[in-house]
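Undergrad: Before I ask anything, here is the structure I am working with.
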Amino acid sequence: MTVTGADIVELDRIAVREAVRVVDLAGGQDWERDTPCAGWTLRRLVAHMAAQHHGFAAAARGAGEGAAHWREPEDMSEPVRLHRAAAAQVLGAFGEPGVDGREFALPELGGTFSGRQAISFHFVDYVVHAWDVAATLGVAVELPDDVLGAALAVARLVPADPARRGPGFAFAPAREVPAGAGPLEETLRLLGRDPEWRPPRG
């Protein structure tokens, strides 16, 4: 699962920075808002995002098999600061020379993957998570067309087998994609998100 001919490290950097931007908009009671990730508040979603950054950074440096790197932080009293630090860590790791040619151990996905493939997983995840946070806050996600096109190319390669979708897996079952859907909408639907989701009132 790769984006042929694309600079996956740069695409990932853009997606991660957009996720940082939208997380930075949150404050106060926002952290207890429901998100498109069923059962997760925004605080829990950002804890998951930070854990994934730490895990992928460790994987890029040959330590992905260590379970401790993938654990969600226990102290989420300062979500913005914690998320920013985690994002900086993964961007630093992915920015190291030759990273896309390394092998990444990704225990949550059940194996070892080429660096380019592993970074493509992280990339599409952060396009979607940037949208998750933006939707939670009622703001727009801002990503260039080439980034959205590349994310869609990756999303189309994610296995849609129902046995590997749903609770306990990275993505919910795929949703039907209507004719004329744009690249972000199609990506979200292919990965189980409802592009029409809005935060509950109240």
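Undergrad: Once you keep just the Cα pairs under 8 angstrom separated by 6 or more residues, what percentage relative contact order results for segment 72-167? List each step's numbers first, then the result.
TA: Working: 42 pairs, mean separation 14.1, N = 96.
15 percent.
Undergrad: Could you give the size of the charge dipole of segment 1-77 about its Cα centre, using +1 on the Cβ of each K and R and -1 on the Cβ of each D and E, expressed in debye and rounded to the nearest 20? Kindly include the intermediate steps, with their values, before the conclusion.
TA: Working: 8 positive and 12 negative charges, 10 e Å.
Roughly 40 debye, rounded to the nearest 20.
Undergrad: Where does each of 134-140, 11-17, 172-178 land if you order them by average Cβ count within 10 Å, highest first?
TA: Working: 134-140: 17.4, 11-17: 21.9, 172-178: 13.1.
Ranked by mean Cβ neighbours within 10 Å, highest first: 11-17, 134-140, 172-178.
Undergrad: Where Lys and Arg each count +1 and Asp and Glu each count -1, what net charge lies around residue 99 among other residues with Cβ under 14 Å from its Cβ? It would help to have the intermediate numbers written out before the result.
TA: Numbers: positive: 13, 61, 102, 116; negative: 7, 10, 12, 96, 100, 103.
Residues close to residue 99 contribute a combined charge of -2.
Undergrad: Among 92, 129, 144, pick out the residue whose Cα is farthest towards the positive end of the charge dipole of the chain, where Lys and Arg carry +1 and Asp and Glu carry -1 on C-beta, about the Cα centre.
TA: Of the listed residues, the answer is 129.
Undergrad: What list of ³J(HN,Hα) values in whole Hz, one per residue of segment 141-146 in order, does the Karplus curve 6.51 cos²θ - 1.76 cosθ + 1.60 (θ = phi - 60°) give from phi, with Gly and Pro shown as x?
TA: Per-residue couplings from phi come out as 7, 10, 9, x, 4, 5 Hz.
Undergrad: How much net charge surrounds residue 112 when only the other residues with a Cβ under 15 Å from the Cβ of residue 112 are counted, with Lys and Arg +1 and Asp and Glu -1? Please list the in-between numbers first.
TA: Details: positive: 61, 102, 116; negative: 65, 100, 103, 108.
Net of charged neighbours comes to -1.
Undergrad: Nothing charged except the Cβ atoms of Lys and Arg (+1) and of Asp and Glu (-1): what's the magnitude of the dipole of the chain about its Cα centre? Round to the nearest 20 debye. Write out the running numbers ahead of the final one.
TA: On the way: 20 positive and 28 negative charges, 50 e Å.
Dipole of the chain, to the nearest 20 debye: 240 debye.
Undergrad: Let me ask you something else. Starting from 0.36 nm per residue, how many nanometres of slack lie between residue 72 and residue 108 once their C-alpha separation is accounted for? List each step's numbers first, then the result.
TA: Numbers: separation 36, 0.36 × 36 = 12.96 nm, distance 1.35 nm.
Going from the current span to full extension adds 11.6 nm.
Undergrad: By how many nm would the segment from residue 88 to residue 201 lengthen if fully extended, with 0.36 nm per residue of separation less the alpha-carbon distance? Don't skip to the end; give the middle numbers.
TA: Values: separation 113, 0.36 × 113 = 40.68 nm, distance 3.37 nm.
Difference between extended and current length: 37.3 nm.
Undergrad: If you don't mind, another one. Between residue 142 and residue 32, what is the spin-label point distance in nm, taking each point 7 Å from the Cα along the Cα→C-beta axis?
TA: 3.0 nm
Undergrad: Calculated from the structure, semi-axes √(5λ) of the Cα gyration tensor in Å equals which of [x] 26, 18, 17; [y] 24, 21, 16; [z] 32, 20, 15?
TA: Recomputing semi-axes √(5λ) of the Cα gyration tensor in Å here gives the entry labelled [y].
Undergrad: Take the solvent-accessible surface of the protein heavy atoms, probe 1.4 Å, and return the percent of it on segment 12-135 that carbon and sulfur atoms account for. Don't jump to the answer; show the numbers that get you there.
TA: Working: 2520 of 5080 Å².
That fraction is 50 percent.
Undergrad: Run through segment 28-122 and list the GluC sites (Glu not before Pro) located in a DSSP loop whose Cβ has at most 15 other Cβ atoms within 10 Å. Display every interim value, and only then the final one.
TA: On the way: sites: 32, 65, 74, 103, 108; in loops: 65, 74.
The qualifying sites are 65, 74.
Undergrad: Tell me the per residue accessible area of the chain using a 1.4 Å probe; a whole number in Å² is fine.
TA: Working: 9650 Å² over 202 residues.
Per residue, the chain has 48 Å² of solvent-accessible surface.
Undergrad: What does the charge count around residue 201 come to, taking other residues whose C-beta lies under 12 Å from its C-beta (Lys +1, Arg +1, Asp -1, Glu -1)? Each step should come with its number before you reach the end.
TA: Values: positive: 33, 198; negative: 34.
In short, +1.
The values are calculated or read from the model by the stated rules, or taken from the named source; none is laboratory data. A quick note: this is a predicted structure, and the numbers were derived from the prediction, not measured. Here the Cβ is made from the backbone with ideal geometry for all residues, glycine too, and neighbour counts use every protein chain on show. Accessible surface is based on the protein model in full, side chains and every heavy atom, while ligands, DNA and RNA are left aside. Shrake-Rupley method; radii C 1.70, N 1.55, O 1.52, S 1.80 Å.
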